[in-house]
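Data first, discussion second: the structure below is written as structure tokens.
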Amino acid sequence: MDPTAFDNLKTVLEGAVYDADLQGRIAVVDRRDLVDLARLLREYAISFRLNDAPDPFVVCTARLSLDFAELANERLYRGQAGCRLALLFALPVRRLSVCPFIEGTLRTIWGRERIIRQTLRFPFPHERGPYENEVAVEFARLIYEENAADLPAMVPYMISSLEQLQSFVD
């Protein structure tokens, strides 16, 4: 049986990130390849940081996912399967006032049409410690196998995002 479009896109994304790792620009810190049987969902995520970033550092997670409807379309109806791509950036921030600047920085890099969400977390009771900020850059469309060449082209933008966001970490 042929690999799915998800498998092919996952391989391209993983290869592009590991190429940057081998060049010494980034360090891969985590990787997950999941099958969710309850929701019939596949998800691949690879996380990395700048190789020379001081602690605390920003982590980027590139997450590719495929739901059951898309998989069924490809396998049962010989249609075209589309995957979702999201980029997650995790960074500690001390001041909420930097959040608009974080969004503006990512809009400059990724464009106005991207969906950018910031989720702040803090432990209870909160005692002036940093907030955990997870910033999601979401693409408002599915990506298909013919978009595979776009994935390696995105890695320099991910690295640029890490470099820019590192300046917001105190």
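The values are calculated or read from the model by the stated rules, or taken from the named source; none is laboratory data. Source: prediction; values computed, not measured. Note: ideal-geometry Cβ built from the backbone for every residue, glycine included; neighbour counts use all protein chains shown. Areas reflect the complete protein model, heavy atoms only, side chains present, ligands, DNA and RNA absent. Shrake-Rupley method; radii C 1.70, N 1.55, O 1.52, S 1.80 Å.
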Tell me the net charge near Leu64. Cut-off is 13 Å between Cβ atoms, Leu64 excluded, with +1 for each Lys or Arg and -1 for each Asp or Glu. -3
So how much slack lies between Arg94 and Phe124, counting 0.36 nm per residue of separation and subtracting their Cα-Cα distance, in nm? 9.3 nm
Enter the angle in degrees (range 0 to 90, nearest 10) between the Cα long axis of helix 150-166 and the first principal axis of the Cα atoms of the chain, meaning the one along which they spread out most. 10 degrees
Calculate I(q)/I(0) for the chain by the Debye formula, one identical point scatterer on each C-alpha and no solvent, and give its log10 at q = 0.12 Å⁻¹ to two decimals. -0.58
With 0.36 nm assigned to each residue of separation and the Cα-Cα distance removed, Leu40 to Arg117 gains 25.2 nm
Rounded to the nearest 10 Å², what accessible area does Cys99 show when all protein chains are kept and the probe is 1.4 Å? 20 Å²
So how do Arg94, Arg39 rank on accessible area, 1.4 Å probe, biggest first, that is with the largest at the start? Arg39, Arg94
Hey, got a sec? Which chymotrypsin sites (Phe, Trp or Tyr not before Pro) in region 31-140 land in a DSSP loop and have at most 14 other Cβ atoms within 10 Å? Tyr77
Percent of accessible area on region 101-170 owned by carbon and sulfur, 1.4 Å probe? 52 percent
Label Ser167 and Asp19 with points 7 Å out from Cα along Cα→Cβ: what is the distance between them in nm? 2.8 nm
Stokes-Einstein D for region 75-170 at 25 °C, 0.890 mPa s, Kirkwood Rh over Cα pairs, in µm²/s? 163 µm²/s
